[in-house]
Amino acid sequence: MRPDGRAGDDGCPLARGDGLVFIGGTGRSGTHTLAQLLGRHSRLAEVPIEARFHCNKLGLPDLLEGRITARSFTAKLRGFWWHRVRVDGRPRGLYNLMRHAELDAALERFEAAYADDPVAGCRELFLDLLGPVAERAGKPGLVEMSSHNLRASQTLLRLFPEARFVHALRDGRDSAASVSGKTWGPRRVGAAIGWWAERLRAIEAGIRGSEDGAEFAIPARRFHVVLLEDLVGFDRERSYERLLGFLGLEDEPGTREFFATEMTAERAHLGRWRRQLRGPGRAWVRRRYEWTVAALEREDNHAAPALRAALERERGAGL
């Protein structure tokens with residue numbers, strides 16, 4: 001136990017990453033719904049917000065790589081990551097999870113530990129801020145859904161060697177159609193496909209980290225891709241079973257019920273790009289997408305095989 005009475009590495013099941021699941025994706029790809037599904041399981045508690053401090057710019061990766069100082073990091077944690085208001089007027093931040101006094105206490109411990117052991121200090125800060133979500137739920141594991149988790153996967157593996165990573169992947173046309181209706185992305189579906197592809201490339205760079213020419217890819221046993229179109233449609237049952245198997249989880253009534261009622265083709269707005277576009281615009285987006293998937297294949301992007309298989313099924317169905 002630590003001096004403050006909280007469980008340290010010897011008493012916390014999350015300390016090495018056991019039971020810790022990081023979900024990531026391009027955005028508008030099903031990360032939130034997937035986290036809600038897993039959060040229905042008796043072994044995993046869902047962090048109900050994107051915590052971000054552990055994976056976004058000016059967060060833990062930049063801190064551990066020496067690109068920012070600890071003072072800069074804690075300043076952003078006390079500000080933007082604690083409370084922010086989105087362009088739609090909705091507040092976001094860690095204030096949803098804890099009282100300010102708890103944040104102050106966690107940062108005091110972090111500042112005392114970081115100088116002696118930066119990695120251990122960052123690990124303990126993550127557990128201090130998000131571990132109570134699992135404690136309150138009475139569950140041994142935790143699932144976190146910040147979209148940049150996969151970009152920062154090398155840092156997260158450094159902190160939690162036994163963590164598991166799930167890529168929530170979605171047909172780029174549907175992701176693009178969804179993004180085009182938001183205020184923070186490209187407004188045209190064709191341009192949004194390019195946005196989607198660049199994010200897939202950033203994810204690829206994250207899971208295939210390198211230093212001096214040597215690659216440090218996430219071990220296959222720690223990484224799993226879930227294609228949303230399979231999970232809610234084409235290969236529904238098998239995709240669900242493969243996800244649970246990857247995480248070492250048994251099927252349970254709560255998880256199964258959410259899967260059956262909430263994870264459907266209708267709720268996932270499958271094929272929304274077809275309904276949103278007509279005539280030449282639809283044909284152009286189809287060609288743009290096929291070119292993009294072909295480019296990802298040439299680059300050996302890890303997502304390309306699943307995307308190609310889905311395109312072939314679509315062609316076979318005459319869609």
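Quick note: the coordinates plus some simple rules give every number you see, no bench work behind them. Just so it is clear, the model here is predicted, and its values are computed rather than measured. A quick note on method: Cβ atoms are made from the backbone with ideal geometry, for glycine too, and the neighbour counts reach across all protein chains shown.
Some points to look at:
- Where labels lie 7 Å past Cα in the beta-carbon direction, separation of Ala295 and Arg201 in nm: 0.6
- Annotation: amide H of Ala45 within the under-5 Å range of Gly141, Leu142, Val143, sequence separation 5 or more or interchain, hydrogens built in the peptide plane.
- Among the GluC sites (Glu not before Pro) in region 277-312, those located in a DSSP loop and surrounded by at most 13 other Cβ atoms within 10 Å of their own Cβ are Glu299.
- Mean projection area, nm², convex hull over Cα of the chain: 17.0
- Placed amide H near Arg208: partners under 5 Å, 5+ positions off or other chain: none
- Cut-off of 10 Å, at most 10 other beta carbons, DSSP loop: longest stretch of the chain lacking such trypsin sites (Lys or Arg not before Pro): 100-277
- Local charge for Ala191 was computed over the other residues whose Cβ lies under 12 Å away, with Lys and Arg +1 and Asp and Glu -1, and equals +2.
- Label-point gap, in nm, between Arg221 and Glu250 - each point 7 angstrom along Cα→Cβ: 2.2
- Charging the Cβ of each Asp and Glu at -1 and of each Lys and Arg at +1, and nothing else, the dipole of region 20-316 about its Cα centre rounds to 1560 debye.
- Three-way shape call for region 182-319 based on the alpha-carbon gyration tensor, with the a/c threshold at 1.5: oblate
- Under the Karplus curve 6.51 cos²θ - 1.76 cosθ + 1.60, θ = phi - 60°, whole-Hz ³J(HN,Hα) for region 128-136, x wherever Gly or Pro sits: 5, 7, 10, x, x, 4, 6, 4, 5
- Spatially proximal lysines relative to Lys57 (Cα-Cα < 20 Å; intrachain offsets below 8 disregarded): Lys76
- Local electrostatic count, Arg40, Cβ distance below 14 Å [Lys/Arg +1, Asp/Glu -1]: -3
- Per-residue ³J(HN,Hα) for region 166-183, Karplus 6.51 cos²θ - 1.76 cosθ + 1.60, θ = phi - 60°, Hz, x for Gly and Pro: 10, 8, 7, 9, 9, 3, x, 6, 5, 4, 5, 4, 5, 4, 5, x, 9, 8
- Here the Karplus relation 6.51 cos²θ - 1.76 cosθ + 1.60, evaluated at θ = phi - 60°, turns the backbone of region 227-241 into coupling constants of 7, 4, 4, 6, 5, 9, x, 4, 10, 3, 5, 5, 5, 4, 5 Hz, with x for every Gly and Pro.
- Beta bridges from DSSP with both residues in region 20-316: antiparallel share about 25 percent, rounded to the nearest 5.
- Compared with the direct C-alpha span, the chain from Arg67 to Ala265 gains 67.0 nm at full extension, assuming 0.36 nm per residue.
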